[in-house]
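Encoded as structure tokens, the structure appears first; notes follow it.
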Amino acid sequence: MCFASLGKRLVEAVFIIFCIITINFILIRFMPGDPVVHIIGEDEYLRLEAEAPEVIEEVRREYGLDKPLPVQYITYLNKTLHLDFGNSYRTKLPVLETVLFRMRWTLLLTIPAIVLSSVLGGGLGLRAGWKKGGLLDTIASPIMLFLNTIPTNCMAILFLMVFAFQMGLFPISGITSGGLSGLEKAVDILWHMALPLMILVILRTASYYMLMKSTVQTIRDEEYITVARGKGFSQGQVLRRHVLKNALCPYLTSVCMQFGHILGGVLLEGDGHPHLRRGQHQGFSNPADLLFVYRDLCGGLQSAGGRAEYAH
């Protein structure tokens, strides 16, 4: 029964990803303007259109834009299946290689932020939800609610102005000072990461706290919790064996599904970071089909994976 359910969810996940890829192909084709403009630039396109229109047609043939839509779609699916996202219009380097190179710095911020904030927010939310109206709930809930309403970029700018620009406690941009190696370089990278990591952890902890608190408050009044208390289980045993066990499923599902939003927050906060900034302007500013597919495919995998985990 478990394998049948898992197989069904897997088929649904594949279908969702296929739909995302197909819709992405259709949307790009219906966007206004000529794709060649984005490849060679507007000024160059206007010059070539007046002086050498055959060059524009050559570029169109190079990227397969002169072929019928069904042929383009089959080629598009085949390349996506083989993780061949083509080359960047500006750098001329493979898109996948460019994305993976930039991603390592993004993940260096994102993964610790997810782990720390999910543990802190989940732990505090568990205690606050279990003891509704207690000291922790009374103090922490208004603060977390306030933090949860602050946009990521607003807090990033505020912290940058206060702690980096005014107080000089953290560097304003970059991931390393350069010219270092070994342990000194690792410490320097951690120092550069401290401020954006702190912002992410604070904001995501507030969000996870509210989620866990709400889930626990719903569970604590269930009949099986009352039965467990009646059997003489201690508070810790009830929390670990019954409350936490049932609260983790929707909690972890939400954490996984919010992974894409956290990546977006990292991009906003890390705009001064040379790698993130170059990746944003060189790779993500161009309407390349396969680059959009890479982004949307990751979002689809997160959504499908979250649904499968919740169903399980």
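The values are calculated or read from the model by the stated rules, or taken from the named source; none is laboratory data. All figures in this text were calculated on a predicted structure; none of them were measured in a lab. Here Cβ is always computed from backbone atoms with ideal geometry, including for glycine, and neighbour counts include all displayed protein chains.
Here are the numbers for the structure shown:
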item	result
Qualifying positions in region 173-189 - hydrophobic (A, V, I, L, M, F, W, C) and loosely packed, with under 13 Cβ neighbours inside 10 Å	183, 186, 187
Pair list, Cβ under 9 Å, 6 or more apart: region 45-57 residue surrounded by 11 or more Cβ atoms within 10 Å (Cβ to Cβ), other residue at pLDDT 85 or above and assigned to a loop (DSSP other than H, G, I, E, B)	none
Number of the exception - residue 33 against (1) of a type in the set (Gly, Ala, Ser); (2) surrounded by fewer than 11 Cβ atoms within 10 Å (Cβ to Cβ); (3) touching a residue at least 60 places away in the same chain (Cβ under 8 Å)	(3)
Test: residue in region 82-97 that is among the basic types (Lys, Arg) and more than 24 Å from the chain's Cα centre (by Cα)	yes
Unique match (being within 19 Å of residue 122 (Cβ to Cβ) and out of contact with any Lys or Arg (no Cβ under 6 Å at 6 or more places or on another chain)) among 225, 189, 172	225
Residues of region 131-147 classified as touching a residue at least 60 places away in the same chain (Cβ under 8 Å) and not in a helix (DSSP H, G or I), total	1
First in region 151-165 and more than 14 Å from residue 203 (Cα to Cα), second anywhere and β-branched (Val, Ile, Thr) and not in a helix (DSSP H, G or I), Cβ under 7 Å, 6 or more apart	160/172; 164/172; 165/172
